[in-house]
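Right, one structure below, let's go through it.
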Amino acid sequence: MTEEEAFEFVKHTLKEERITPYRKDEIEIVHSVEDCINCGLCINHCPVVAAIGVDRFTGPRSIAVELSRSPPEFWSTADKVYLCTGCGTCREVCPKNVNIPEVVNLVRARIFKHRPDLVPKGLHVVREIITKYNLAFEPWEDPEEKVESRDVRLERLGIPYIEDIIKTGAEVLFYPGCQAEELAQEVREAAKVVLSYFDVDFTLIDEMSCCGLPSELMGDDETSRKLSALLKGKVEALGIKKVVTTCAGCTSMLSKISQRDNWDIPIYHMVEYLVEEVGLVQISEALGSTSEFSDVTVTVHDPCHLIRHTSRRTMEDAIEILKAINGVKIVISEAEDSCCGGGGLVAYHSKDVANAVVQENLVAINKTGADRILAPCPLCTAQIEANLFRSGSSVEVDDLMVFIAKRLPKK
Amino acid sequence: MNTTPDVLVIGGGMAGIVAGTIAAENGLEALVMRTGQSATAYSSGAIDIIGYPPEGLALKEYFPEIELPFKTPIDGLRAILSLYPFHPYGIIGLKAEDNESIEYVIAHVSESISWLKERLAGSCAALVGDLDRNIFPITALGTTKPTCLLQETMWSDTLNAHPDNVLIFAGFSGHSEFDAQSAMRAYLESQLRTGEFPHKIGHCEVEIAPFGKPYNISSIELARHFDHEGSVDHLTSALKAHVDKLGATHVAVPPVLGIEQASQNQAQIQKELGVEVFELISLPPSVPGFRLQRAMDRVFKKAGGTLLIGHQAKSATIKNDMVESVVAQSPRREVTISPKTIILAPGKFIGGGLEADETGIRETVFNLMPVTSSLYSAEDVRPTNHTNVYSLSPDGHALFAAGLAVDMDFRPIDADGIEHARNLYCAGSILAKYNYSMEKSGLGVALNTGFAAGRNAVKMVREAS
């Protein structure tokens, strides 16, 4: 047997034994589990455990320690591991920095590869959409209807429409993410308005494609990496210097893949870009004296992918921006940094779990007495809005960017 | 992104939050940075001042007349200050004249206790106890331990007072973290040995199902469950049958009476059943630890401090004997902080302030020199050489007394006894020369060194401006 034949033989055996060797960038994650001291602090803080109990969702620790079994039988976690919303609370509270959210992705990737029958059906539907369109949501059948929906939204919000700009050599690529591209179009448009107002030299992407986060979250590692490679090609072809996005999930995913795949391009969430690159002085000048709006009391929701997967400083930026807006009073909700349940693709197959997780947020939001809740993430916004509406609350919901765009003086 | 606070505190457990609050209450801009939770959140929530000397009961060989555990924290402080001058409590006393140092330290500890009790009054971690005595609460294992301050839901002052008292240990079906029967047995055994009251002790199990099933229940679930309005009614009626049957005067439950509502729940059960109810001390990570951290964070924020979670200090620049900046890392971002003063309170091995492997012990941010319990450099020390063969040895493990050596202002010093930087202070369990697990002094030392380091930092900022 030649060496090559031997290699092929072993590879075949691995498949038969349902083993996928860890990739280089996964090794560090696997090693982090070795530090677990089994204390269980993560279980005390997990929002899914809080919402549905340890009997239904055994908690972060039980998923992490699965890796210490030899050989790990990932499929035995299949009835639990898809209930994780990926909020990252466990990693943050862990005294040993065990990277449990990434362990969840890693386990889901093994199940997806070797036991796709155990992957919830709802996720297979999403997978089909992604592989067909390179987008996390099915695109509009009729492009005219998409335009109509956009215009209705913009008119209702009083946000002007700005033509899409697509060009090479711009300073900034504005990447809206799938949700703002297909569903929450007002967020995409609002960001364009804000960037134009501050004279940012920006471009959009020619043909929008997904950052790969949803694929990674369902365990479809192959598609996820394919999508990130596709996006890297587009970004390089545009020759831009910075990427700005309005989606929390895209922010953390792009930050991750740009580092992993050597993009050498800094990634910003819009709130970071506004504070760091535009500057609070300019923002205050623009928003500090608008008087056509009545005073409003707002509260905020901190998206997990911003605060726990990127940096908690991002929400400090968001608050700084809000403080600069005339007539805005900010009240902090007790559950501002608690997961809304919208993450981890949980809502696609276990909506009851996602909606149980958001209950804590709803109670806290109503308690603030705020008129409006703002979140710099279209996914959180949608999840909170749907559940507030269902509960009969009068609190209104806006994506933060929409709120800002509405209040910018017309140029 | 950069910031320039007056005081940067690295670590947000008891020591860090206290130091940060002192700074904020003095009108300074205070930033407390921590990775997630602290070892305080992880603790039993009992605030021990001093229960034993660092050697534990072994000290009795040399001083047979000494009473151990110490009857009062004041006795303990006197013994520590006479015998162990480099204990962190001793360092506090270096500020006073030689013959006044003991009284100085007792006054300092007394002041810090009053300060903390005042801040936590009315919170979910409101405290009882004072410096005049050590109290001996019961643990979930049925043993007792000396402590000074305890959350008010965890203490009954009348339990040991009357021979007719009847105590019931009440557990929950399907709650694997507490077994009422074995706790009862252990406690009864020690009561019969010491002759202390109560002698009539029973146990019972009640069924509470936060998610509809009476099995596989965790403490945190029960605590959250009892926070919901009206959910304690069921517990009250379930306990009633057992209380009536045994004629109980006291009921001990695991520490799960609530996160925010524990005190109200305790009051309600007591009122309806006419008995005293209290929570036991449990193993980490406990609900009272959770409550304590939560309440402390609120104290700090109320004082005007900024809490930055999810960031870990990675490195620092020192120039002209001053720390210029600290670089901290979040999952996907980096931040440079250029503070006027820094208080290093990251904890020890659990908190991450010290790291140890077979090549030695290291301080993780500034690469300061840690020392062993005998004040030698610990940089090349094998940690296993400083542990006992038995994990639960009555002599403890000297490894836990390793840490940073400091000057009288709590500034870490190098091998020549010179401070590393003029604006760098430290507090809490990263300090050397005390063995918190042996001494039962963990949160007490954290409180007092945080208090002292915070004041020193305030003084330095004021003098510089």
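Cα centroids of the stretch A:250-280 and the stretch A:41-94: 29 Å apart. Measuring max minus min along each principal axis, the C-alpha atoms of the stretch A:3-119 give extents of 51, 30, 20 Å (largest first). Across the alpha-carbon set of the protein assembly as shown, the Rg to Rh ratio works out to 0.99, Rh being the Kirkwood radius. Seen against the Cα atoms of chain B and their longest principal axis, helix B:101-120 is set at about 60 degrees. Annotation for the stretch B:180-222: chymotrypsin sites (Phe, Trp or Tyr not before Pro) lying in DSSP loop with at most 12 further Cβ atoms inside 10 Å of their Cβ are B:Tyr215. Couplings 3J(HN,Hα) of the stretch A:202-214, computed from phi: 10, 9, 9, 9, 4, 10, 4, 9, 5, 6, x, 4, x Hz, in residue order, whole Hz [Karplus 6.51 cos²θ - 1.76 cosθ + 1.60, θ = phi - 60°; x for Gly and Pro].
Apolar share of the accessible surface for the stretch A:130-194: 48 percent from carbon plus sulfur atoms, 1.4 Å probe.
Converting the Cα gyration tensor eigenvalues of chain A into ellipsoid dimensions via √(5λ) gives semi-axes, longest first, of 37, 26, 19 Å. Averaged over the residues of A:31-42, the number of partner chain Cβ atoms lying within 10 Å of the residue Cβ comes to 2.
Computed with a 1.4 Å probe over protein heavy atoms only, the accessible surface of the protein assembly as shown comes to 41 Å² per residue. A DSSP coil position with no more than 10 other Cβ atoms inside 10 Å describes the following trypsin sites (Lys or Arg not before Pro) in the stretch A:50-148: A:Arg69. Between the alpha-carbon centres of the stretch B:390-465 and the stretch B:146-187 there is a gap of 34 Å. Split the accessible area of chain B by element, probe 1.4 Å, and carbon with sulfur accounts for 50%. Contact order, relative form, for chain B: 24 percent (alpha carbon pairs under 8 Å, 6 or more residues apart, mean separation divided by residue count). The alpha carbons of chain B give a radius of gyration and a Dmax of 22.7, 73 Å, in that order. Partner shielding of B:216-224 amounts to 5, given as the average count of beta-carbon atoms from other chains within 10 Å of each residue beta-carbon. The packing ranking, built from the mean of other Cβ atoms within 10 Å per residue, places the peptides B:122-132, A:358-368, B:8-18 in the order B:8-18, A:358-368, B:122-132, highest first.
For the stretch A:122-252, the square roots a ≥ b ≥ c of the C-alpha gyration tensor eigenvalues yield an a/c of 1.5 or more together with a/b not exceeding b/c, which makes the shape oblate. Kirkwood radius and radius of gyration were both taken over the C-alpha atoms of the stretch B:299-361, and their ratio Rg/Rh is 1.01. Helix B:262-273 and the longest principal axis of the C-alpha atoms of chain B enclose an angle of approximately 20°. 3J(HN,Hα) along the stretch B:292-298, derived from phi through the Karplus expression 6.51 cos²θ - 1.76 cosθ + 1.60 where θ = phi - 60°, amounts to 4, 4, 4, 5, 5, 4, 5 Hz, with x in place of Gly and Pro.
For the stretch B:138-280, a Kirkwood radius taken over Cα pairs fed into Stokes-Einstein (37 °C, viscosity 0.692 mPa s) yields D = 217 µm²/s. Annotation note: chymotrypsin sites (Phe, Trp or Tyr not before Pro) in the stretch B:408-462 located in DSSP loop regions with a Cβ neighbour count of at most 10 within 10 Å are absent. A helix-only calculation puts the protein assembly as shown at -12000 deg cm²/dmol for mean residue ellipticity at 222 nm, using -39500 (n - 2.57) for each DSSP H run of at least four residues, averaged over all residues.
Put +1 on the Cβ of every Lys and Arg and -1 on every Asp and Glu Cβ in the stretch B:138-280; which of B:Leu188, B:His225, B:Met154 then has its Cα farthest towards the positive end of the dipole? It is B:Leu188.
Rounded to the nearest 20 Debye, what is the dipole magnitude of the protein assembly as shown about its Cα centre when Lys and Arg each give +1 and Asp and Glu each give -1 at the C-beta?
So the magnitude is around 500 debye.
Among B:66-78, B:237-249, A:204-216, how do they line up by average Cβ neighbours within 10 Å per residue, starting with the highest?
Listed from highest to lowest mean packing, they are A:204-216, B:66-78, B:237-249.
Residues of the stretch B:289-315 buried by at least 40 Å² of accessible area upon assembly of all protein chains, compared with the chain on its own (1.4 Å probe): B:Phe290, B:Leu308, B:Ile309. Which of rounded, prolate or oblate describes the stretch B:369-432 when judged by the alpha-carbon gyration tensor and an a/c cut-off of 1.5? Prolate. Taking the centroid of alpha carbons for each part, the stretch A:128-206 and the stretch B:22-72 are 57 Å apart. Note on the stretch A:236-295: the C-alpha convex hull projects to 5.7 nm² when averaged across all orientations.
Panel note: contact residues of the stretch A:85-133 (accessible area lowered by at least 40 Å² against the chain on its own; 1.4 Å probe) correspond to A:Glu92, A:Pro95, A:Asn97. For peptide A:311-322, the mean count of partner chain Cβ atoms within 10 Å of a residue's Cβ comes to 3. Length available on full extension from B:Asn388 to B:Asp407: 0.36 nm per residue minus the Cα-Cα distance, which gives 3.9 nm. Total buried accessible area between A and B, probe 1.4 Å, nearest 100: 2800 Å².
The values are calculated or read from the model by the stated rules, or taken from the named source; none is laboratory data. What you see is a predicted model, and the numbers here were worked out from it, not measured in a lab. No Cβ is skipped: glycine too gets one built from the backbone with ideal geometry, and neighbour counts run over all protein chains shown. Protein only, heavy atoms only, side chains kept; ligands, DNA and RNA dropped before computing areas. Shrake-Rupley method; radii C 1.70, N 1.55, O 1.52, S 1.80 Å.
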